[in-house]
Amino acid sequence: MFSVMHVKHQTKVRDMKSIVLAMLALAAFITGCSTQKSVANSQGKGAKQTFDAPYDAVWRAAVDAAQRNDLQILNADRARGYISARRTIRVETFGENVGVWVTSLGPSRSQVEVVSRQAGPPVMWLKNWENEILRAVAANLTREGVGGTGTPTETNRDTSTTVPEGTSPQSP
């Protein structure tokens, strides 16, 4: 009798552990996972910055910015104005998926939008590349010396501020 009850108890404990682990895995998947495809479909949901510079110069600056600090470009489609990048798994993270859109707003004005999402549940911290890439684009344009037209205009979601030349935009 004792042995049958003991086996039933062990089975219940094992089943409960399985249920709890399945729920944790599902929660991690729902809350923390992104794919390159989900990021590519997130245009309009990232940090944006407008630059007084032509599309070609901003495109080059964005490509350079997307290759910094362990980010790898997976695809750069100049015609669509979309750069797909990622950082692979590290001790502190399962990696990040990053999308960068470059849009021409006229002959000498362009906009860059960056979306950064975790590739899995965070292990130690969340890395968001949005402002870092926008600052790098601004720095790259300043370095290129785009005929004095590289003055960035900060447009982080709902605010807009013109940033004087020789300075960098500050995070909100």
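The table for this structure:
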read-out	value
Criterion (part of a helix (DSSP H, G or I) and in the same structural domain as residue 107 (by TED's automatic domain parsing)) met by exactly one of 70, 64	64
Test: residue in segment 33-53 that is farther than 20 Å from residue 98 by Cβ and modelled with pLDDT of 95 or more	yes
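The values are calculated or read from the model by the stated rules, or taken from the named source; none is laboratory data. Because the structure is predicted, anything quoted here is derived from the model rather than measured. Glycine also receives a Cβ, built like all others from the backbone with ideal geometry; neighbour counts cover every protein chain displayed.
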